[in-house]
Structure formats: C-alpha cells, structure tokens
Amino acid sequence: MAAIWSIALAIEVYLVSLVLGVLMQLPQGSLAVLLHGSVILAITVLLTIVSTTPFAFLASLGRGYLLPLGFAVLVAILANLIASPVGVSTFPGR
C-alpha cells in the first residue's frame, strides 16, 4: 500500500512540475528529453521505495520511531565507513 502511495505522489509531482514548466514558459523540450526525465524519475521512485521499506517495517515492528531512527544512523555510519576507503569524492563529509 505504501508503494502505491509513493508512486501516486511521484506522478503528482511529475505532473505539477510539467504544468509549472508550461506556466513559466520554459523552452519546449523534445520527446527524448521528456522520456529521459521520466526514466530517471521512475528509477528514483523505485529506489526510494526499496530503500524506505526496511525503515517502515522497523517502525511498525518497534511501534515507534526509535528503532528505525537507530537503524538509519547505523546505515549512515556503515555507508560512511564503506565509502571512505574506496575514496568516493562526492560522498558527504569528504
């Protein structure tokens, strides 16, 4: 059910951004630009759904916010430890 809401919100944001682009009289893009943006948005939505599902499950399991908050901090620490030796220059904090 949460995935359906995420997809619905993504569609709404996409349509509102297209309408705002028309209202601001932005230069018309080609069909290729529109399709490329749509693919990037779809990939972003799917990755967001996949990455937030464990946090939602932990919030439901723990009946609160402390368990998913602790998990988020743990994931951030592990991501920083993994990215540092690799030398990712675009990672936050570097």
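Bear in mind that the values in this text are calculations on the coordinates, not laboratory data. Not measured: the values here are computed from a predicted model.
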Original post:
Just how far, in whole angstrom, is region 62-85 from region 1-35 if you go by their alpha carbon centroids?
Top reply: 31
Subject >> Of (i) 6.3; (ii) 7.5; (iii) 8.9, the label for mean projected area of the Cα convex hull in nm² derived from the coordinates >> reply: (iii)
Original post:
Taking θ as phi - 60°, what are the ³J(HN,Hα) couplings along region 29-42 by the Karplus curve (6.51, -1.76, 1.60), each to the nearest whole Hz, with x for Gly and Pro?
Top reply: x, 7, 5, 5, 5, 5, 5, 4, x, 5, 5, 4, 5, 4
